[in-house]
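Take a look at the structure set out below.
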Amino acid sequence: MARFLLIHGSCHGAWCWRDTIPALEALGHQVQAIDLPGHGLDPTPREGVTLDAYARAICAALREPTIVLGHSMGGYPITAAAEMDPTHVQALVYLCAYRPVSGMSLGDMRRAGPRQPLRPAIRVDGAVFTFDPAMAGLFYHDCAPDTVAWALSHQTPQPIAPQETPLMLTDRSAALPQFYIRCVEDRAIPPEYQLTMAEGLPEGHLSDMDASHSPFLSMPGALAARLDRIAAALQVRGMASRTVLLPR
């Protein structure tokens, strides 16, 4: 049994893990998902949200060794939290997520990508942006229509400032076991760029899913099974292991 903390991506909230949480719990794990500041039901004014506030919210949710997963944009907050206080972070899992490059912001990384599929969907309004709902296929093309409608009804504006804040990396995060789950059918973050972001991970710490950008909704059972294997490998090899082998 392991503990998981699930961190959502841009414009999303804890709600997006609706189907993944019970799938993980059915495998015997303890699972928590939180709304980052200014997301979901969190009342923090979006204009004042920072990357540091994201990190503090994650650290506040950690009480014992926990596998911390970040989806998409969530890769930056989970890494920032590990830099702030890695005490209870058992491992970092990047789910088709931005795995930070030291000194770069998430916005820098997105703009440095080989393609810009998200650019036409972004609608900036002052200190926040939203995604054009007409382009929902970028995120949910393999989800059921009613699931897509439900997800779109829950999306909230995304604070821009946290995504334009560079993150400096140290051994506080680099020394932790890290895993990357690439979604090969992703239409939001190019799968080939996900390979680039996973470079430097130990052999077996990168695995693929035949999924869109939102496997937590399109194939929650398969995602839970993948996370279960990561938890089992960590338990067998020990928290300090950095050579856990997983099937691709």
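No value in this document is a laboratory result; all are computed from the given coordinates. Note that the structure is predicted; figures quoted are calculated from it, not measured. Note: ideal-geometry Cβ built from the backbone for every residue, glycine included; neighbour counts use all protein chains shown.
Observations, loosely collected:
- Members of region 16-33 found to be out of contact with any helix residue (DSSP H, G or I) (no Cβ under 7 Å at 6 or more places or on another chain) and either surrounded by fewer than 17 Cβ atoms within 10 Å (Cβ to Cβ) or among the aromatic types (Phe, Trp, Tyr) (or both), listed by number: ARG18, PRO22, GLU25, ALA26, GLY28, GLN30
- Among residues of region 107-123 being touching a Phe, Trp or Tyr at 6+ places or on another chain (Cβ under 7 Å) and outside any loop (DSSP other than H, G, I, E, B), the one that is farthest from HIS213 (Cα to Cα) is ARG123.
- Looking only at residues in region 28-52 that are of a type in the set (Gly, Ala, Ser) and touching a Ser or Thr at 6+ places or on another chain (Cβ under 7 Å), the one that is nearest to THR156 (Cα to Cα) is GLY40.
- All positions within region 124-147 that are surrounded by 19 or more Cβ atoms within 10 Å (Cβ to Cβ) and in a helix (DSSP H, G or I): LEU138, PHE139, TYR140
- Residue match in region 57-68 (condition: without any contact (Cβ under 8 Å) to a residue 40 or more places away in the chain and buried (at least 16 other Cβ atoms within 10 Å of the Cβ)): yes
- Count of region 134-154 residues which are closer than 21 Å to CYS183 by Cβ, of a type outside the set (Phe, Trp, Tyr) and out of contact with any Pro (no Cβ under 8 Å at 6 or more places or on another chain): 11
- Scanning region 136-156 for residues that are under 26 Å from ASP42 (Cα atoms), touching a His at 6+ places or on another chain (Cβ under 9 Å) and of a type outside the set (A, V, I, L, M) yields PHE139, TYR140, HIS154, GLN155, THR156.
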